[in-house]
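The structure under discussion appears below in the form of structure tokens.
Any read-out appearing in this document is the output of simple, stated calculations on the displayed coordinates, not a laboratory observation. These numbers come from a predicted model, not from an experiment. Neighbour counts are summed over all protein chains in view; Cβ atoms, including those assigned to glycine, are modelled from backbone coordinates with ideal geometry.
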Amino acid sequence: SRQTGWVRTPLNMISRTKTKPLTLEQLLLVGVKSYVNAAELLEDAELLFANERWARTLFLCCIADEELAKALLSLSAAARFRLGRFDATQEKRYRSRFYDHKRKTRTLHAVQEFLIPKRTMKDILHTLDVGDNDSLDIERIKLSSLYADFDGDGVLCPSQWFSDKSKVEITLKSTRLHVQLFRNSGLPLFDAVTECSLDQCQEWIENLQGLL
């Protein structure tokens, strides 16, 4: 991105113009930095929770989860890059998913279901592609935790919508777990994907069955 002082051109705006193809190094770097940002967002959420700012705690937890999904998408893209399967079509698909907030929410949930399966892989992939009520609810919660909105004949601000500490704490604990799991299991894969054999990369991609 281009940066002058504090003003930066967003990557999603740059991506609409002609750009150079992404490199393996860029994919790995954005994946790691997405994790780092998720961890920092969680730290901020902890501070807000301690100060009883329930709505903003929820918002930052949602964004942290989205950043973890970006890290997973980038890791998968890096594996495909090593296999020579990250052409212009794959890059366009990756960029689209990278910026799709709803898709990122569904991606993290799909990975959870993949690791602890309670449904068939066909059903998991269908929900990943078309969405479900749970992912829609999370998107509504995220937006409602940030913006004032109409409520019937009245108007509410986020601090009025979200006043139940126990429910917010459930979300915070969930995001803590997500960050911890990625730190322990996902982060080491960024080194592994550059060092492993192509056969191992191929096996990993096949095992994901189109999840990422």
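Points worth noting:
- Extension gain, residue 52-residue 33: 0.36 nm per intervening residue step, less the Cα-Cα distance, totals 4.0 nm.
- Burial ranking of peptide ranges 68-80, 123-135 (average Cβ count within 10 Å, highest at the top): 68-80, 123-135
- Size of the chain from its Cα atoms: along the principal axes, largest to smallest, the extents are 57, 48, 31 Å.
- Diffusion constant of the stretch 106-189 at 20 °C, which comes from Stokes-Einstein with the Kirkwood Cα-pair radius and 1.002 mPa s, µm²/s: 141 µm²/s
- The modelled label-to-label distance between residue 26 and residue 143, using points 7 Å beyond Cα along the C-beta direction, is 3.1 nm.
- Counting only Cβ charges, +1 for Lys and Arg and -1 for Asp and Glu, the dipole size of the stretch 62-178 around its Cα centre is about 760 debye.
- Under 12 Å from the Cα of residue 104 - aspartates and glutamates, other chains or at least 8 residues apart: 65, 66, 67, 129, 139
- Helix 101-115 vs. the chain, principal-axis angle (Cα, 0 to 90°, nearest 10): 70 degrees
- Here the chain is assigned +1 on the Cβ of each Lys and Arg and -1 on the Cβ of each Asp and Glu. Its dipole about the Cα centre then comes out at about 720 debye.
- Compared with the dominant Cα axis of the chain, that is its longest principal axis, helix 165-181 is turned about 10°.
- The listed peptides 89-96, 56-63, 176-183, ordered by packing as a protection proxy, come out as 56-63, 176-183, 89-96 (highest mean of other Cβ atoms within 10 Å first).
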